[in-house]
Amino acid sequence: MKSVKKVVALMTTILILSLGTTGCWNRRELPSLGIVMGVGLDKSEDSGKLEVTAQLIKTSELNSGGTGEGGGGGSGGSSAYWNLQNTGESMFATIRGFTHKSSRKLYWPHNQVIIFGRSLAENGVQEYLDFFVRDQETRLEVYMLVAQDKASDILDFQPKLEKIPAVGISELMESQDANSQTCVTQLNEFVTRLMSPTTAPIAPIIKIEGPGAKSELSVEGTAVFKKDKLIGQLTKEETRGLLWAINKVKSGIIDVKCPDCAGTVSLEIIRSKGKITSQIIDSKPSITIEIEEEGNIADQSCDANLVAPDATEKLTKQAEKAILDEVESALKKSQKLKADIFGFGDVFHQRHLKEWTQMKDDWDEIYSNLEVEITVQAKIRRSGTIGRPATPEKEQ
Amino acid sequence: MLSYLLSRLKYLKLLGQNYKLSQSNSTASKDKDEKSTTSYLSASLKNNLNLFKESLGNNYDVVIREFTINMPKQVDGALIYLTGMTDSKIVNDSILKPLMFESQLDKTTLTSKLDTIEMIRTTMLSVGEVSKSNSINDLVDNCMAGTSILLVDGCTEALLIMTADWKARSVDEPKTESVVRGSREGFIENLLTNTTLLRRKIKNPDLVLESMKIGQRTKTNVCIAYIKGLANPSLIDEIKRRLNNIHTDSILESGYIEQFIEDAPFSIFATVGNTEKPDSVAAKILEGRAAIFVDGTPFVLTVPLLLVENFQTSEDYYSRPYFVSFIRLIRFMAYLISILAPATYVALTTFHQELIPTPLLFSMASAQEGVPFPAIAEAIGMGVIFEILREAGVRLPRPVGQAVSIVGALVIGQSAVTAGLIGAPMVIVVALTAVASFVVPAQTDSGGVLRIVFVALAGFSGGFGIMIGLIGLFIHLTSLRSFGTPFLSPIAPLSVADLKDTFIRAPLWAMITRPSFIGSQDPKRKDFRLKPSPPSEKESQSE
Amino acid sequence: MLLLLISAFLGVALYEVPSLIRNKYWRELVVFSVFFSFTFMLALLQTLGFQIPSPAIGVDYLVEDILHINYR
Amino acid sequence: MRLEKGVISSLQLFFLVNCFIQGALLPLTFAYPISKHDTWLAVIAAMIIGSVIALVYISLANLFPGKNFVQINDLIYGPYLGKFISSQYSLFFLITLSGYLWFIGDFVLTFIMPETPMSFIMIMFAFVCAWAVRQGIEVIARMSVVFAFIPAIIVFITSAMLLKEMKFTNFLPVLEIPIRDLIQSTHIITHISFSQVLVFLMIIPSLNEQRRAKKPILLGMISAGLILVIGTLRNIATLGPLSPVVTSPSMEAVRLIDIGKILTRLEIFVAMAQILLLFTISCIFYYAAVLSIAQMTKLRTYQPLVVIIGVLSIVLALISYQSRMQLSYSIMYNTPIISLHFYLVLPFMSLIVAKLRKLPQNNGRN
């Protein structure tokens, strides 16, 4: 086996040659990385330029100190993050500009959130998104958010349970399923909507609530974009109305009035399905939204016995009504904004290709007057671990 | 570099000279052999004894006992043997005593036409193996192996009486392959005992034990064992051809033989297997392989060797299949971990940080913070330190060895991390690698080399380097052959039927065929209906 | 860079040629030398910064501007 | 006398073809911008067309059992014209090899190590290819058996993992693109992968049962083609409108896997599997190039040419392609046309000429 020896010899020479002459191109030791966890984009107030806030983690502080409780962001060296700011014209130039300020090269793959400041979002986000889609270090599953005010403020807000604000925000996004009142949006969904000629991109809104020291971060409502510009927002109820239709409701609570008395009954959503279908009858387009929901009785404030079939029937009707109201409010708002957040345009495009070519151009007008039929079918399956409430039995 | 080339050239020149020399020598030595074999015994005992004294020299362990044989006509005789190599009881009771006192000869035998030596052989010696020879060389060689030589005055032939016996270690539990379940005997240094251990497992005349002597000076007994009708004849021929090609002066251990007969001497993978356990040898022979026993070592060679054999143990076949199959997979995984773990760690931390899950990256980054060395230096350094500790632990007497491991664990595991010299994750990776490398003992040496190669590849081109390394390793493994059998079979070339004993171990009743790639002549192992089942209803009713 | 290139080609030659000569594979040696010198010339020109016409662009030109049958 | 002494079984040939076609999953990228979400249709169409073309090659090989492509050309066209045609093919194999080397370099640079010089990646990759080619077709074929499984399993597993992310409405509307685009896309895919089974004409003589090449080749093409279809469906369903935009849909789609925050960032496995496949493809082209040159110049062994041809293909790759944009433009618009000459026109012509001259019988008498 002479060849084996030769091959080994050749391999070692290649190894030595490449080691000696060229060095190591992409080598970055862990301590040389400035790991970016979140990024905020704002429009600078005075110059109108782009202002990028990148949140780096301080690896040396990660294990020391408390969980950030009471740290409040700025108390000495105890905070585990560092917010870097830079202003510039283009996205990539601004980001490269960070090298003037940071001893470590910014490392993007672990970026968790992209937050757009409101004023920036109103002027269009397209030009800034390209970097996040194109660069090989960035990933498509980052969360997209719109700040109610300035993105840099949000990133500077020390969460109470996490050490790093960006991690706190991404954890917050993951827990939104419990309510389904926020449209959790990842970059790929946002870009997909942006690429559609008609569908309006959406992103959740994040804001700081409450005064001074007692303030908290809260994610609520939806920012609606037209093309790439922010044009309006949905409340949390309207957001869920939207999510019902696009089949994104995972869990949540529907409050309905007790059919027997004045109390409130909370129904927990355990399963839901939304379906959008399109019809064109006599060249008149219309949309049907079918929603199926299943829920449990989670909580009731009155002492009425709701486990009887007729009471359940009534509750179901009320729940259907509540869902219908939410969807309709979302639809109305979007029709007013002329922003196709439901993606009806894509449905027509997919099912009615021929007609679509004519509808495409004045879709905005068609959309704002589109006839939409909403059917809701709710079911109540279980009542938790008790049947009637644990109160003294009422005389019938 | 230049000096290396020069030395290389010198070496080649030397080799060339040697080659020419050996060619001329071989013809010369042949002549010499022929000449020496022409020296035969003469009729005079005195002359013969002088001849022997000449060729045996004045070794202190050579005994030349001259005595008178008690025959009707008294004849002078001499017994020559080596003291430590022979059983003195046989010499005294079965040779000297009957010859000197208890002549069984009577008139009838005396009148027969037999010559003296044949008479002694047939009527007076109560020893099993007795043969005749008249060549001095032959006699001396046999004497060196423990045979006693009986010279009789007036005879041109001498008797070779098998008396070889010496102190040997008793059959013991093998040190290198310990088992929970299964036979606890291991081979010892004595060839005869070893072949006997094998014969006791396979009581079949088809088990062939062919003996030969290798080594011009050591004249080591080597024995090829195989089962006629199972082993491929071409395999046996190839083994004999390679063994006959060994022209070396000494064979001290089976390792010598191994290095002279392997297919790929430059490969880091051994293509000849070795084992200390008679039951594994028996199992391998029964699969159609051949074994090579070498006198003086408990390690028996088996050929051909496949890569998967390194991941099998004899115990696998004694336990029930489910857990064994799981353990097999664990062994493959452990081997992969032992060669790839440090390289993967280096590649992940220096090239592909984006592949580390974010929470893990946090803890790794904070552990690595302030560590002065790059990851590749850490990996190589820790690997070398581990090998030093291991070697120290193996060579030292056991009590001291423990001290070494404690010091090592303290110094490396604890202090170095607290002092901030290395990151804690690296210690974990190296420790995991070390433990994993012990899972497949037969491949610890190849694993050690591969580990360093992969760390180097990962250090300068990350995951792509590892990938290239893996492909290279695979090319090498695929092109290897062990005595004609592809080393990587039954994986590449694929043999679906043989996969039953590769990654998993199928139940014994399902393994009805022998491995096809070993070239077994008789592929069917046993009956097809072997699966045990409770007695069927009819049978139980009739009972 | 030039040094690296030359040493690489020298390595290839040292790797192949001795065994060819030893086995008296003259025909093989001739073919090897032809390819060797051609490759070396190309590599040398490339390293020295000469613009060698790219065959891929040549194909593009052939299909687009001469045959006019490309997808466009 | 045959140059290659190795013998492969029809099972190995099956896996070799399977690997060869599966490896197109990454290069398929070039078809997405043209046929968009209908690419899967183009893949199916290309599979059918490719299988038909492969039948031509197989019948050509069956006419001359035990002869490789160069020898077949010599027999059909005579020594001079045959040599001319064979040298065209040698060049074709060589340029395809350099294209693959460039592609792998580009792939590694885009996704794994952006700052590394491409020549370095190509040298390392060509090195292992050369090693394998020197060992002969037997080793390549044996390795392909293992290499075929890994990427296929990864495609299936990632498809299952991405089910949550998939939107099947992404396939609608079916056939939105003009039929011309679909034809172009089919042509590109045929050019990239299916028609390239042409190189197996250099390998079929090594098969142990030479006349049984039809089944393994066709089965290999179809099974791998189905895996390609599954991969394409996965990419389109997951990425939707993004799939024509991204540089490598397979990588981007798998990047989106996120199961319980633990099974995430799995694209490295796709990259590894694709490197294995591209390795097999490169080896086959490399082998074909070296063998055809050695056969044409009537050498006794092809091994001395291996390393230098590898170096030549690296140099060619560095000269040929300046940028990814140029490569994709060439593949999308121009090279499919020119390769028609190689995989359609010449083989058909060879078959017709051979039938007209009733060649195999003549050959049999000699």
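The values are calculated or read from the model by the stated rules, or taken from the named source; none is laboratory data. Bear in mind the structure is a predicted one, so any value in this text is a computation, not a measurement. Methodologically, a virtual Cβ is constructed for each residue, glycine included, from the backbone with ideal geometry; neighbour enumeration extends over all protein chains shown. To get the accessible areas, we keep the full protein, side chains included, count just its heavy atoms, and leave off ligands, DNA and RNA. Shrake-Rupley method; radii C 1.70, N 1.55, O 1.52, S 1.80 Å.
What the table below lists for this structure:
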{"item": "Under Karplus coefficients 6.51, -1.76 and 1.60, residue-wise ³J(HN,Hα) of the stretch B:39-49 in Hz, glycine/proline x", "result": "7, 10, 5, 9, 7, 8, 5, 4, 4, 4, 4"}
{"item": "Protection proxy ranking, peptides B:269-278, A:334-343, average beta carbon neighbours within 10 Å, highest first", "result": "B:269-278, A:334-343"}
{"item": "Dipole-positive endmost among A:Thr288, A:Leu62, A:Ala390 within chain A (Cβ charges, Cα centre)", "result": "A:Leu62"}
{"item": "Of every Cα-Cα pair in chain D, the percent that sits beyond 34 Å", "result": "24"}
{"item": "Highest-first arrangement of A:254-264, B:465-475, D:296-306, where packing means the average Cβ count within 10 Å", "result": "B:465-475, D:296-306, A:254-264"}
{"item": "Average partner coverage of A:286-293, which counts Cβ from other chains inside 10 Å", "result": "0"}
{"item": "Other-chain or far-sequence residues with amide H under 5 Å of A:Lys226's (modelled H)", "result": "A:Ile231"}
{"item": "Listed residues A:Tyr367, D:Tyr77 arranged by accessible area, highest first, probe 1.4 Å", "result": "D:Tyr77, A:Tyr367"}
{"item": "Rule-of-thumb Rg ratio for the stretch D:1-84 [Cα; 2.2 N^0.38 Å; N residues]", "result": "1.45"}
{"item": "Karplus-derived HN-Hα couplings along the stretch C:14-31 (A = 6.51, B = -1.76, C = 1.60, θ = phi - 60°), whole Hz, x at Gly and Pro", "result": "5, 6, 9, 4, x, 5, 5, 5, 4, 7, 6, 8, 6, 4, 4, 4, 5, 4"}
{"item": "Residue-span extension gain [A:Lys317 to A:Ile246] - 0.36 nm each, minus C-alpha spacing", "result": "23.4 nm"}
{"item": "Amide H partners (placed H, <5 Å) of A:Leu50, local residues excluded", "result": "A:Ser44, A:Gly88"}
{"item": "Spin-label pair D:Val52/B:Ser415, simplified geometry with 7 Å Cα→Cβ offset, distance in nm", "result": "7.8"}
{"item": "In degrees, nearest ten, helix D:267-296 long axis to first principal axis of chain D (Cα)", "result": "20"}
{"item": "Accessible surface, per residue, of the protein assembly as shown when the full set of protein chains is kept, probe 1.4 Å, Å²", "result": "45"}
{"item": "Inter-probe distance in nm under a simple model that places probes 7 Å from Cα toward Cβ, at B:Glu210 and A:Arg96", "result": "7.5"}
{"item": "Taking all pairs of distinct alpha-carbon atoms in chain C, Kirkwood radius in angstrom", "result": "15.0"}
{"item": "For C:55-67, mean number of other protein chain Cβ atoms within 10 Å", "result": "5"}
{"item": "Phi-based couplings in Hz for the stretch A:192-199 (Karplus 6.51, -1.76, 1.60; Gly and Pro marked x)", "result": "4, 5, 5, 6, 6, x, 10, 5"}
{"item": "Given charges at Cβ of Lys, Arg, Asp, Glu: chain B dipole, positive-most of B:Asn310, B:Ile327, B:Ile491", "result": "B:Ile491"}
{"item": "Angle in degrees between helix A:236-245 and the longest Cα principal axis of chain A, rounded to the nearest 10", "result": "90"}
{"item": "Rough spin-label spacing in nm, given labels placed 7 Å along Cα→Cβ, for B:Lys89 and B:Val435", "result": "5.2"}
{"item": "The stretch A:191-318: C-alpha pair distances exceeding 21 Å, %", "result": "60"}
{"item": "Amide H contacts of A:Ile374 (H built 1.01 Å from N, under 5 Å, at least 5 apart or other chain)", "result": "A:Ile289"}
{"item": "Nearest-0.05 FRET efficiency for B:Thr444 and B:Met144, computed from C-beta distance (R0 45 Å)", "result": "0.75"}
{"item": "Dipole moment magnitude, nearest 20 debye, the stretch A:316-368 about Cα centre, only Lys, Arg, Asp, Glu C-beta charged", "result": "140"}
{"item": "Percent carbon-and-sulfur accessible area, the protein assembly as shown, ignoring ligands, DNA and RNA, probe 1.4 Å", "result": "60"}
{"item": "Average beta carbon contacts from partner chains per residue of D:131-140, 10 Å cutoff", "result": "5"}
{"item": "Chain B: translational diffusion in µm²/s, Stokes-Einstein, Kirkwood Rh over Cα pairs, 4 °C, 1.567 mPa s", "result": "45"}
{"item": "Dipole magnitude of the stretch B:45-161 about its Cα centre (Cβ charges: Lys, Arg +1; Asp, Glu -1), debye to nearest 20", "result": "260"}
{"item": "Accessible area that becomes buried as C packs against D, both chains, 1.4 Å probe, Å², nearest 100", "result": "3100"}
{"item": "24 Å Cα-Cα threshold exceeded, pairs from A:Lys227/A:Lys332; D:Lys214/D:Lys358; B:Lys132/B:Lys213; A:Lys105/D:Lys164; A:Lys58/A:Lys236; A:Lys160/A:Lys273", "result": "A:Lys105/D:Lys164; A:Lys58/A:Lys236; A:Lys160/A:Lys273"}
{"item": "Buried solvent-accessible surface, both chains (B, A), 1.4 Å probe, Å² to nearest 100", "result": "2700"}
{"item": "Among A:319-330, D:88-99, D:283-294, the order from most to least packed when residues are scored by Cβ within 10 Å on average", "result": "D:283-294, D:88-99, A:319-330"}
{"item": "Among B:Asn50, B:Pro72, B:Val127 the positive-end extreme of the charge dipole of the stretch B:45-161 (Cβ point charges)", "result": "B:Pro72"}
{"item": "Charge dipole (debye, nearest 20) of chain B; +1 at Cβ of Lys and Arg, -1 at Cβ of Asp and Glu", "result": "460"}
{"item": "Rounded tilt (10° steps) of B:191-201 against the dominant C-alpha axis of chain B", "result": "70"}
{"item": "Diffusion constant of the protein assembly as shown at 20 °C, which comes from Stokes-Einstein with the Kirkwood Cα-pair radius and 1.002 mPa s, µm²/s", "result": "56"}
{"item": "Summed buried accessible surface, chains D and B, 1.4 Å probe, nearest 100 Å²", "result": "2500"}
